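All of the numbers you see were taken from the coordinates with simple rules; none came from a lab. All values reported here derive from a predicted model rather than from experimental measurement. Quick reminder, even Gly has a Cβ in these numbers, built from the backbone with ideal geometry, and neighbours come from all protein chains shown.
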Amino acid sequence: MEALAPASRTKPAATHATASRSRHFLRQIKKYKMLLLMTLPGLVYLFVNNYIPMYGVILAFKNLNYVQGIWGSPWVGTDNFKFLFNSPDAYLITRNTILYNVAFIIVNLVLALTVALLINEIKEKVVARFYQSTFLLPHIISMVVVAYLVYSFLNADNGLVNRQLSSLFGFDSISWYNEPQHWPYILVIVNAWKGVGFLAIIYFAAIIGIDKEYYEAAIIDGAGKWKQMTRITLPLIAPVIIVMTLLAISSIMRSDFGLFYQVTMNSGPLMPTTNTIDTFVYRAMVKLGDIGMSAAAGFYQSVVCFFLILGANFAVRRISKNDALF
Amino acid sequence: MNRMSFARVSFIHLFFGAFAIVSIFPFLLVFMVSITDESSIVQNGYSILPSKINFAAYSFLFNDFAQIARAYGVTIAVTLIGTTVSLLITALFAYPLSRKGLPLRRTLSFTLFFTMLFSGGMVPWYMTYVMTFGLKNTLLAMIIPGLMLSAFNVLLMRSFFANTIPESIVESGTIDGAGEFTIFLKLIVPLSAPIMATIGLFNLLAYWNDWYNCMLFIDKPELMNIQYLMTKTLNNVQFLIMKADTSSQVGDLISKMPTETVRMALAIIGVAPLLLAYPFFQRFYISGITSGAVKG
């Protein structure tokens, strides 16, 4: 409020003020010349890697031919989108992407919270740390390696499941890479295996940050472990849970390409249940060579994501202003 | 009361013990398969306790190690260059953003931040690099696209600079007559070892594990990195010997190849460096994740 007063007083001399402000601005630029220069490599990179491709979304409205290049190719209006949304694929890939993400969000949240709450109960720091780094191990390896690990279980002829577990539990061998109906379960398990450790560490960090006095007071009041968890820990880390979950919801139209492409070994028969927007875009571009339609699918994904992020951020702002992204 | 808490503690350790086994078991399985005798696999399938041990798969791979060695060479070169350059660019971008007086600070932040909100999608991105910059089949195609500057890492580093480096340090440098770049290099960087280690590690893992760029931009076998060689081999184990000169040689090699185990041996060779290094860097990695979570 104080700052406003002098500003309104100088209003009559506005032109003078702008002139001196722009002079002041130039002086500032000069003073911070070196710091501004330091940001240049990063800016150039963002321009090349992000902003030129943003402009490249015009590909979705063109019929690309390589001779005329991106700019010279003829415009086709919304034909690419019409083609995409008239094919059965558009519905299928959207459904798959969203349903997988819903399952991932719920399963990972429940498991990660359980792990985080229980790690907090371990008094020996070394043991707690050992568990944490073990659970994080799957997170650091590439999806290629994950695909190998899954293959060692599901390989039809020699895999652990068909050869060892089927006789143990008495079921017939399954041709895993040819039967799409199993893959929603498989991919949810694989995704949890890879991601729960990471999420648990984030929640655990939030739990450690809670003031110990709350618990001391609760113990004096006779609260047991269960009460402490549900009445102190969970409510106090709720903002972190909400933020992480909203972020995940905002990218509900995106999928981990590696999970759906590598782990399924790009197997054709599995596509009805494993094709997502990202694998569809890749296959339409590389296998079909349909640049316009794949660009249209990508654009559709980006636009929906954009509004989801704005919405999620709006929600976060209302819940806890400090955690909002912008 | 004591019995109760004993039961609880044992339950927790039982739960985590099971969880730890689930995390590690698949790696162990692949390793055991890679050292199983081929005949034992035909008999019993993949097993964690093979009836007969045999290192034939490894000796087969080491017999003709050139391809694997070259793929490793590509991965190592790309990782070293990529990690260094991207750490440099990230730090150079993040530090000015952490300075309160910087003019255009909001514009710069927004330019960075907007890339987290909207993207042109994979196709225009790919076309930009292939058609505008001609990166197809070059080492640069595994270094530059996508991996070099993560907005998230910049924000992480910016909040480290803003929260842990006292302003008085910059002032003292200015009084001594040092320029901004000298202050950054001589005063700020040495104080920022933890965040440099964290971001460097994030970058290193991203480059080491990358197969996506290689899949998109590289056709030439001699430019394949280890991750993509593994991808190709998983789908077709004969990919490993395809480059043999004559068809009779190929036939000969295929008949000699312990196909079931050689695949898993390659997986172990591919993942071993990461698994062996993990105990040494896991602390930095965990603290990196937590520092990202507790937002500054």
The protein assembly as shown - Rg and Dmax from Cα coordinates, angstrom: 27.2, 94
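Give me the mean projected area, in nm² to one decimal, of the convex hull enclosing the Cα positions of chain B.
Values: hull surface 94.6 nm².
Convex hull of Cα atoms, orientation-averaged projection: 23.6 nm².
Kindly provide the trypsin sites (Lys or Arg not before Pro) of the range A:238-326 that DSSP labels as loop, not H, G, I, E or B, and whose Cβ sees at most 14 other Cβ atoms within 10 Å. Walk me through the numbers on the way to the answer.
Details: sites: A:Arg254, A:Arg283, A:Lys287, A:Arg317, A:Arg318, A:Lys321; in loops: A:Arg254, A:Lys287.
When the trypsin sites (Lys or Arg not before Pro) of the range A:238-326 are filtered for loop state and at most 14 Cβ neighbours within 10 Å, A:Lys287 remain.
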Taking just the alpha carbons, could you work out the radius of gyration and Dmax for the range B:144-296, both in angstroms? 22.9, 76
Distance between modelled label sites at A:Asp157 and A:Leu26, nm, 7 Å Cα→Cβ extension: 7.8
Taking the dipole about the Cα centre of the protein assembly as shown, with the C-beta of Lys and Arg at +1 and of Asp and Glu at -1, give me whichever of B:Ser40, A:Thr134, B:Ile143 is farthest to the positive side. B:Ile143
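For chain A, what does the relative contact order come out to in percent, with C-alpha contacts under 8 Å and a separation of six or more? Each step should come with its number before you reach the end.
Working: 303 pairs, mean separation 79.7, N = 326.
So the answer I get is 24 percent.
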Highest GNM mean-square fluctuation, chain B, Cα pairs closer than 10 Å: which of B:Ile89, B:Ile21, B:Ile183? B:Ile21
Label point at A:Ile242 placed 7 Å out along Cα→Cβ; residues across the range A:283-326 whose backbone nitrogen lies under 17 Å: A:310-326
List the residues whose amide H sits under 5 Å from the amide H of A:Lys62, counting only those 5 or more places along or on another chain, with H placed 1.01 Å from N in the peptide plane. A:Val76
Loop-resident sites, the range A:146-254, for chymotrypsin sites (Phe, Trp or Tyr not before Pro), counting at most 11 other Cβ within 10 Å (DSSP): A:Phe171
Taking the alpha-carbon set of chain A, what are its Rg and Dmax in Å? 26.7, 90
Build a GNM of chain B with springs between Cα atoms under 10 Å: which of B:Ile188, B:Ile24, B:Ile68 gets the top mean-square fluctuation? B:Ile24
Taking a temperature of 20 °C and a viscosity of 1.002 mPa s, what whole-number D in µm²/s does Stokes-Einstein yield for the range A:95-202 with Rh from Kirkwood over alpha carbon pairs? 137
